[in-house]
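Enquirer: I have a structure here, written as structure tokens, and I will follow up with some questions on it.
Values in this text are rule-based calculations from the coordinates and carry no lab data. The structure presented is a predicted model; accordingly, all values stated were derived computationally and were not measured. FYI the Cβ positions are ideal-geometry reconstructions off the backbone, even for glycines, and counts take in every protein chain you see.
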Amino acid sequence: MKRSELQMKKTTVSGLAVLMLILSLTFIPGVSISADSYETLPGQGKKCPIGKDYYFTYSFDKTPQLGIIILKIELFDKDGKKDTSLSITGDSGMPSMKGHHDSGEVAFKFNKKSEYLLPVSVVMPGDWEVKLVFKKDKKPIYRGSIKFDV
Ligand SMILES: [Cu+2]
């Protein structure tokens, strides 16, 4: 093998190594480079895990329809005890009409039963989404998305 060929082979190998490194970083959960990936939630009343320490369930007070609907979230710790230590925000809007009805990040409020509540204003028929962010000590630890049609 000539010297130049050898050189080229080395370059290719190190290039490949760098590529593999980038790929592996991209696919390791939690090291994801884009911080804005929202988990699609499994449905009303279903258990949605937040890592190993928490889970939550969500439901609407009525079938999503025009007007104000109330989104309720109940948060639990890993032992199934009700938990209120996280803060939750919701950003509602229509994915097909980005920016037209977006509520921006609105904080959920507690009711007397320590459930998290958020009113969602559904102003027209079509596809809707509520993007949820759960924060612990002001740091986001989970993002989830609820989609529904009206
Ligand atoms: Cu619209």
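Enquirer: Per residue of the range 138-150, what does 6.51 cos²θ - 1.76 cosθ + 1.60 with θ = phi - 60° give for ³J(HN,Hα)? Whole Hz please, x for Gly and Pro, Karplus curve as stated.
Expert: So the J values, rounded to whole Hz, are 6, 9, x, 10, 7, 10, x, 10, 10, 10, 8, 10, 10.
Enquirer: Once you order the gyration tensor axes a ≥ b ≥ c over the Cα atoms, which shape class does the range 39-149 get: rounded for a/c under 1.5, otherwise prolate or oblate by comparing a/b with b/c?
Expert: Prolate.
Enquirer: Once amide H atoms are placed 1.01 Å from N in the peptide plane, what residues at a sequence separation of 5 or more from Asp102, or on another chain, have their amide H within under 5 Å of its amide H?
Expert: Excluding prolines and chain starts, which carry no amide H, the hits are Met94.
Enquirer: Can you run phi through the Karplus equation (6.51, -1.76, 1.60; θ = phi - 60°) for the range 56-63 and list ³J(HN,Hα) in whole Hz, with x for Gly and Pro?
Expert: Along the range 56-63, the couplings run 9, 10, 9, 7, 9, 6, 8, 4 Hz.
Enquirer: Which residues among the range 80-119 fall inside the zone where the amide N is under 16 Å from a point 7 Å beyond the Cα of Tyr38, along Cα→Cβ?
Expert: Once the point is set 7 Å along Cα→Cβ of Tyr38, 88-108, 118-119 turn out to lie under 16 Å by backbone N, inside the range 80-119.
Enquirer: May I pose another question? Which FRET efficiency, nearest 0.05, do Asn111 and Lys136 yield, Cβ-Cβ r, R0 30 Å?
Expert: Efficiency for this residue pair is about 0.90.
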